[in-house]
Amino acid sequence: MHASNHLCRFLSAIGFCVTATLAQAAGLRSFDIPADADGPAIHGAIWSPCAEPPGQVVLGMITLPGVMDCPLPDGKLPLVVVSHGRGGNFAGHHDTSEALADAGFIVAAISHPGDNSFDLSRSDDMSVYVERPQDIKRLIDFMLLASPLSAAIDRERIGLLGFSRGGYTGLVAVGANPDWAKAAGACQHSASRACAQILRKEYPAQPLTHDPRIKAAVIADPLAVAFSAESLSAVKVPVQLWASAYGGDGVHPRDVAAVDANLPARHDYRVVPNSWHFSFLPPCSAALLKAWPELCVDAPGFDRVAFHTQFDADALAFFRTWLTRTAEVR
């Protein structure tokens, strides 16, 4: 039920080296959602279309390729929100965010409070599985109502990208309801606090947050051990579901395959040959490869740069198909 602490350190450092990866011409700005009755303060970043060549933008402790506060083109633009894995942060899928922005999307990614590379205070507690989908609802509320780009967003064209625990988050956001008793088997030999809570049947009592404003979702290697056929029965939006061939870090290919088998919604299922879980993270710079080979080294013959070029293109094509004004009649 949890990922390696190495990932937290990796994603804390990734921002200092991202310019070694493929940079798109994306506008960038940071944002903060104030704490309120629905949850704690949330920090994140927005990528948007930009005609200027990218430079380097410092957002707190992270440096990303882009243009600060680049003017938006005219017209209403689709929105994609991003949910990272355990111990990640808003920059964890920057390459896909850049590619989507370069193609005319507004992209908003957050660092989930209490479950990010700078704050792990709730990452090993069942409460985070309730809070994460609520974070996504609060993010969409902010983008539509309070962000400086709100007037440029087409509220009928909203998508989601989620990886690992962010894949769990995305599935819940579009209607799934986990069966926590189903996860007990995977917790028999785990020392995690969340597993201890599951084994004691201390399941979250409050209902999980679903957001019908999300019209399509790209879900990569989701943490899916708690999803049954009944769990997924209410998912109705189109899904592009990705799986690594080997899994890793608590994500098992059989669980992702079960999501494919049980999703009632129209969906596209893709297993990436010769890949493992962290192959979905952006390609590593030389510095990151040296510091964290366990997160950067793929199976022999696997080309992470080529894969991400394809992944970004396929995610873009999916969102272009379903986040259109005519998608509802397809």
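The values are calculated or read from the model by the stated rules, or taken from the named source; none is laboratory data. Note that this is a predicted model, so its numbers are computed, not measured. So basically every Cβ, Gly included, is an ideal-geometry build from the backbone, and we count neighbours across all protein chains shown.
Kindly indicate the residue of segment 78-127 that is assigned to a helix (DSSP H, G or I) and surrounded by 24 or more Cβ atoms within 10 Å (Cβ to Cβ) and also farthest from the chain's Cα centre (by Cα) among those meeting that condition. Steps first, please.
From segment 78-127, those assigned to a helix (DSSP H, G or I) are 94-102, 127; that's our starting set.
Among the residues that remain, those that are also surrounded by 24 or more Cβ atoms within 10 Å (Cβ to Cβ) are: 94, 96-98, 100-101.
Numbers: 94: 10, 96: 10, 97: 10, 98: 14, 100: 14, 101: 16 Å.
Checking each candidate, the answer is 101.
Any residue in segment 195-217 that is touching a His at 6+ places or on another chain (Cβ under 6 Å) and modelled with pLDDT under 95? It would help to see each step written out before you state the result.
So in segment 195-217, the residues touching a His at 6+ places or on another chain (Cβ under 6 Å) come out as none.
The answer is no; no qualifying residue exists.
Working only within segment 163-202, note down all residues that are touching a helix residue (DSSP H, G or I) at 6+ places or on another chain (Cβ under 6 Å), outside any helix (DSSP H, G or I) and not hydrophobic (A, V, I, L, M, F, W, C).
Our first condition is that a residue be touching a helix residue (DSSP H, G or I) at 6+ places or on another chain (Cβ under 6 Å); within segment 163-202, this holds for 163, 169, 172-173, 176-180, 183-184, 187, 195, 198-199.
Within this subset, residues satisfying the condition of being outside any helix (DSSP H, G or I) are 163, 176-179.
Of everything in segment 163-202, those that are touching a helix residue (DSSP H, G or I) at 6+ places or on another chain (Cβ under 6 Å), outside any helix (DSSP H, G or I) and not hydrophobic (A, V, I, L, M, F, W, C) turn out to be 177, 178, 179.
Test residue 67 against the stated conditions and say whether it is among the hydrophobic types (A, V, I, L, M, F, W, C) and closer than 20 Å to residue 212 by Cβ. Even if it seems obvious, please write down each step before you answer.
Working: among the hydrophobic types (A, V, I, L, M, F, W, C): yes; closer than 20 Å to residue 212 by Cβ: no.
In short, no.
Six or more apart or on different chains, Cβ under 6 Å: which pairs go from a residue in segment 261-272 that's more than 15 Å from residue 318 (Cβ to Cβ) to one that's in a helix (DSSP H, G or I)? Could you list them?
Within 6 Å, the pairs are 262/229; 262/232.
Among the residues of segment 227-260, what is the count of those that are closer than 23 Å to residue 321 by Cβ and either among the small types (Gly, Ala, Ser) or in a strand (DSSP E or B) (or both)?
Within segment 227-260, the first condition is being closer than 23 Å to residue 321 by Cβ, and the residues that meet it are 232, 234-243, 256, 259-260.
Keeping just the survivors that are either among the small types (Gly, Ala, Ser) or in a strand (DSSP E or B) (or both) gives 234, 239-243.
Qualifying residue count for the region: 6.
With the structure loaded, tell me whether residue 297 is among the aliphatic types (A, V, I, L, M), out of contact with any His (no Cβ under 9 Å at 6 or more places or on another chain) and under 13 Å from residue 221 (Cα atoms) or whether it fails that test. Before you say what the answer is, go through the steps one by one.
Values: among the aliphatic types (A, V, I, L, M): yes; out of contact with any His (no Cβ under 9 Å at 6 or more places or on another chain): yes; under 13 Å from residue 221 (Cα atoms): no.
Spelling it out, it is not the case that residue 297 is among the aliphatic types (A, V, I, L, M), out of contact with any His (no Cβ under 9 Å at 6 or more places or on another chain) and under 13 Å from residue 221 (Cα atoms).
Exactly one condition in (1) crowded, with 19+ Cβ neighbours inside 10 Å; (2) at pLDDT 95 or above is false for residue 236; which is it?
(1)
Scan segment 189-229 for residues that are of a type in the set (Asp, Glu) and either surrounded by fewer than 18 Cβ atoms within 10 Å (Cβ to Cβ) or closer than 15 Å to residue 251 by Cα (or both) and report the count. Can you show your working first?
First, pick out the residues of segment 189-229 that are of a type in the set (Asp, Glu): 202, 211, 221.
With either surrounded by fewer than 18 Cβ atoms within 10 Å (Cβ to Cβ) or closer than 15 Å to residue 251 by Cα (or both) added as a condition, the list becomes 202, 221.
Residues meeting the conditions: 2.
Could you give every pair whose Cβ atoms fall below 8 Å, whose first residue belongs to segment 161-173 and is farther than 12 Å from residue 227 by Cβ, and whose second residue is of a type in the set (Lys, Arg) and buried (at least 24 other Cβ atoms within 10 Å of the Cβ), counting only separations of at least 6 or pairs across chains?
Here the result reads 164/86; 165/86; 165/132; 166/132; 169/132, each pair linking segment 161-173 to a residue that is of a type in the set (Lys, Arg) and buried (at least 24 other Cβ atoms within 10 Å of the Cβ).
Might you let me know whether segment 41-62 holds any residue that is surrounded by fewer than 16 Cβ atoms within 10 Å (Cβ to Cβ) and at pLDDT 95 or above?
So far as segment 41-62 goes, yes, one or more of its residues are surrounded by fewer than 16 Cβ atoms within 10 Å (Cβ to Cβ) and at pLDDT 95 or above.
Could you please let me know if residue 221 is touching a His at 6+ places or on another chain (Cβ under 9 Å), touching a residue at least 24 places away in the same chain (Cβ under 8 Å), under 30 Å from residue 153 (Cα atoms) and not small (Gly, Ala, Ser)? Let's see the steps before the verdict.
Details: touching a His at 6+ places or on another chain (Cβ under 9 Å): yes; touching a residue at least 24 places away in the same chain (Cβ under 8 Å): yes; under 30 Å from residue 153 (Cα atoms): yes; not small (Gly, Ala, Ser): yes.
In short, yes.
Report, by residue number, each residue of segment 214-270 that is closer than 18 Å to residue 164 by Cα and among the basic types (Lys, Arg).
254, 270
Restricting attention to segment 129-165, which residues are surrounded by fewer than 24 Cβ atoms within 10 Å (Cβ to Cβ), of a type in the set (Val, Ile, Thr) and closer than 29 Å to residue 193 by Cβ?
If the condition is that a residue be surrounded by fewer than 24 Cβ atoms within 10 Å (Cβ to Cβ), of a type in the set (Val, Ile, Thr) and closer than 29 Å to residue 193 by Cβ, then 130 is the only one that fits.
Select from segment 8-28 the residues that are crowded, with 19+ Cβ neighbours inside 10 Å and at pLDDT 55 or above and list them in ascending order.
Across segment 8-28, the qualifying residues are 24, 26, 27, 28.
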